[in-house]
Amino acid sequence: MPQGSYFPELLQVAGSLLLLLGVLFLALYLLKRFGPKAGLGVFGRGDLKLEGQLALGPRRSVVVVRYLNKHLVLGVTETSINLLTEMESGHDPERADFQDTLVRETGRGAPHT
């Protein structure tokens, strides 16, 4: 057999691998972009939400995280995470019951019977 006879098969395998990697990266991008809206969080954070972040320097920041009905203010460095303060945040508007949502959206209370 001549030495160059494996080259077409090698190109086909390399092309297939590149196509497979492209599809995987596209799927990951779409999951990150549209997953949280569809309830398919990539990292499965559940009720934990990042509300805001302020960089204080290289690898140092203050982060506000919401967990259930609390806001946690955290100091984050490359070696540690410290709780700075904790605040009650009240009812989560995403989990509001139907009556609260109706009042908020229409500006009217419940109809009287």
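The values are calculated or read from the model by the stated rules, or taken from the named source; none is laboratory data. Since the structure is predicted, the reported quantities are computational estimates derived from the model, not experimental observations. Don't worry about glycine lacking a Cβ; one is built from the backbone with ideal geometry, like all the others, and counts go over all protein chains shown. Areas reflect the complete protein model, heavy atoms only, side chains present, ligands, DNA and RNA absent. Shrake-Rupley method; radii C 1.70, N 1.55, O 1.52, S 1.80 Å.
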- In nm, the gap between the two label points placed 7 Å beyond Cα toward Cβ at N69 and S16 is 5.7 nm
- Message: Rolling a 1.4 angstrom probe over the protein chains, ignoring ligands and nucleic acids, what is the accessible area of T85 in square angstrom, nearest 10?
- Response: 60 Å²
- Query: Want the number for L28 to N82: 0.36 nm per residue separation, take away the alpha-carbon distance, what's left?
  - Reply: 16.3 nm
